[in-house]
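Okay, structure first, notes after.
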Amino acid sequence: MYLEEIIGKQVFEDLTHEFKARLDRTDIVGWLKTIAGFANNIGGELFIGVEDKTSKLIGFDRKGADNERNFFNSMVNEHLYPRPGITVSFLPYQIREEERYLLVVRVSKESAKPVVLKYNGVPAIYIRREGFTNGASYEEILEMAKRNVSSYDTLSTNEKYNREDFSKLFEAYSYQNDGLELTDKKLISMGFMDKDGYLKNGSFLFSDKMKGKADIQCALYQGINRGDDRIISISKYNGNIIDGIKFAMDFVLSRENHTYIKTGTGRINIDSYPTRSVLEGVVNAFAHRDYSLEGTQIQIDMFSNRLEISSPGSFYLQDKIQLTYDLSSIISKRRNTLICDILVSLKLMEAAGTGFDKIMEDYKDKDDEWRPFVSSYTDHFTLTLPDLTNKGVMEEDDITYPYIEGLDEKNTKKILSFCMYEPRKYSEVASHLMLSDSTYFRKKIVLPLIVNGLLIEKKDKGITKLLSNREKVKKGRDVL
């Protein structure tokens, strides 16, 4: 029996079709590159259970088909980044009154490009040609990137929509919208699923069953850096976006400091961080993270003087790496359109993208020491909120001082930023540099800064401490 007998037409291995009798366990790249190649061109169909030379049906029994599908999905999830738009279905047929099955893998032409096949740590980009698949040229890779208009979160999964799998989403929507019900009609209007009922990548991140994509790690440090300070508390979460936001908020709000200022008529309570600013930062991290970066997670780090919220992926479609205190100047460009639409419907985001404006509003009456700032690099972006119960924050690269020949710029910036708002003991400064408080450290590293007037020695209860000279050491200008 041959393939054309059950699909009603003759099909050959060509630009959009490929046959495999079985998925080779000893040569996984041999067939995975076909899937990547389809995704990087115009899509295609892989028939599994069909002899490639003759189109003769080999097929599977039901259990064998299930096993083959599970193996296929496992390998795709492990080795293809980002995961292409794929659906896997069973095509039944009968031979000698025995029911057999083919697997039909359909790869969408709307897949995010380029899809990278990474095996044994080696990445490669393939493209489908007329009847075969091989490595893409440099020009083809550039062209793929130019043509790529689909965001990762709007690509279809192989998971069918089931309303019972989204209890957290419906509860959150009802709570945020005064008891209104989130209907399937509204979900469809947002593009929550495709025409066949398959969930999109972005919508699946809100499923009660979600594991492995909305990961977040929160850590509380005793001091002001990761390198030499004891971790007081660390927690990890692996689940859906809604519970991830709750997890992050609970971690920060249960561990922040509280103080107060006395007034003539009472006192003003002060928390480490404005709750609204923390929520905006956490939601922003989930909304704009690059979910195609496998093995990454949102990172929330609480130090004695600041909160850092870092999300995988640089700012979407921004022109250059940046560090800025002017948060209102950052133009909101959505990497994940579907995820953002869902968060807007939950009233956790505004359609106008005014989250950073709210943070600026929360800190508008604070001195320069407590100005929040954002930095964006090639692989992550970070929002830093200074602790309002502490001395403030100085970023190492955001500092200027007179040029003095012979100074070690790296150590100088570390020391001057560390001592900018709070006098520090020699031993604290040495620890900050991950050095010992030695004679060499004092004479060769610290003394030149004192001699040149960049550092000032101050006595505090008989202990000598170091403080940056604010007349010579200044905050640098924004570089956005």
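Only Cα pairs under 8 Å and 6+ residues apart enter the sum, and on that basis the relative contact order of the chain stands at 10 percent. The relative contact order of the range 156-204 comes to 52 percent, based on Cα pairs under 8 Å that sit 6 or more residues apart.
Any idea what the dipole of the range 3-148 comes to, in debye rounded to 20, about its Cα centre with Lys/Arg Cβ at +1 and Asp/Glu Cβ at -1?
Values: 21 positive and 22 negative charges, 79 e Å.
Dipole size: approximately 380 debye.
Let's test the formula: R0 of 51 Å, r as the Cβ-Cβ distance of N67 and S174. What FRET efficiency results, to the nearest 0.05? In this case the efficiency is close to 0.80. In this structure, the pairs whose alpha-carbon distance is over 20 Å, taken from K160/K333; K410/K443; K160/K246; K414/K465; K9/K56, are K160/K333; K160/K246. Let me know the shape class of the range 3-148, please: from the alpha-carbon gyration tensor, a ≥ b ≥ c as square roots of the eigenvalues, rounded when a/c is under 1.5, otherwise prolate if a/b is greater than b/c, or oblate. Note, shape of the range 3-148 comes out prolate.
Taking amide H atoms as placed 1.01 Å from N in the peptide plane, the amide H of F373 lies under 5 Å from those of T384, each 5 or more residues away in sequence or on another chain. Take every DSSP beta bridge whose two residues both sit in the chain, then give the antiparallel share in percent to the nearest 5. Taking every DSSP beta bridge with both residues in the chain, the antiparallel ones total about 90 percent.
Derived scalar couplings between HN and Hα for the range 41-56 equal 10, 10, x, x, 10, 10, 9, 10, x, 10, 5, 5, 7, 10, 6, 6 Hz in order, rounded to whole Hz, by the Karplus curve 6.51 cos²θ - 1.76 cosθ + 1.60 (θ = phi - 60°), x for Gly and Pro. Quick one, which of [x] 31.6; [y] 28.8; [z] 30.2 is the actual mean projected area of the Cα convex hull in nm² calculated for this model? Answer by label: [z].
Can you check what the net charge comes to around V116, using other residues whose Cβ is under 12 Å from the Cβ of V116 (Lys, Arg +1; Asp, Glu -1)? Once positives and negatives cancel, what remains is +3.
Cβ under 11 Å from D14's Cβ, D14 left aside: what net charge do those residues give with Lys, Arg +1 and Asp, Glu -1? Let's see the in-between values first.
Working: positive: R128, R129; negative: E13, E18, E45, E130.
Net of charged neighbours comes to -2.
For S272, the amide hydrogen comes within under 5 Å of the amide hydrogens of N257, counting only partners 5 or more places away or on other chains and with H modelled in the peptide plane.
Which FRET efficiency value, to the nearest 0.05, do you get for Y440 and D208 by plugging their Cβ-Cβ distance into 1/(1 + (r/R0)^6) with R0 = 51 Å? For Y440 and D208, the calculated efficiency is 0.30. Computed per residue of the chain from DSSP H runs no shorter than four, each worth -39500 (n - 2.57), the mean residue ellipticity at 222 nm is -8000 deg cm²/dmol. Applying the Karplus relation 6.51 cos²θ - 1.76 cosθ + 1.60 with θ = phi - 60° to the range 125-132 yields 3J(HN,Hα) values of 10, 10, 9, 7, 10, 6, x, 8 Hz, where x marks Gly and Pro. Remark: the range 91-100, residue by residue, has Karplus-estimated 3J(HN,Hα) of 10, x, 7, 10, 9, 6, 6, 9, 7, 10 Hz, where x stands for each Gly or Pro and the curve is 6.51 cos²θ - 1.76 cosθ + 1.60 at θ = phi - 60°.
Placing +1 on the Cβ of every Lys and Arg and -1 on the Cβ of every Asp and Glu, with no other charges, gives the chain a dipole of roughly 1160 debye about its Cα centre.
Modelled this way, with points 7 Å down the Cα-to-C-beta line, the labels at D14 and Q222 are 7.0 nm from one another. About its Cα centre, the dipole of the range 399-475 is roughly 160 debye, where the only charges are +1 on Lys and Arg Cβ and -1 on Asp and Glu Cβ.
For H380, the amide hydrogen comes within under 5 Å of the amide hydrogens of G313, S314, counting only partners 5 or more places away or on other chains and with H modelled in the peptide plane. Taking a ≥ b ≥ c as the square roots of the eigenvalues of the Cα gyration tensor of the range 96-236, is the shape rounded (a/c under 1.5), prolate (a/b larger than b/c) or oblate? Taking the square roots of the gyration eigenvalues as a ≥ b ≥ c, the range 96-236 is oblate. Highest mean first, the peptides 435-444, 157-166, 273-282 sorted by other C-beta atoms within 10 Å per residue fall in the order 273-282, 157-166, 435-444. Compared with the direct C-alpha span, the chain from E457 to R230 gains 79.0 nm at full extension, assuming 0.36 nm per residue.
Any read-out appearing in this document is the output of simple, stated calculations on the displayed coordinates, not a laboratory observation. Please read these numbers as outputs of a predicted model, since none were measured by experiment. Cβ atoms come from the backbone with ideal geometry, glycine included; neighbour counts cover every protein chain shown.
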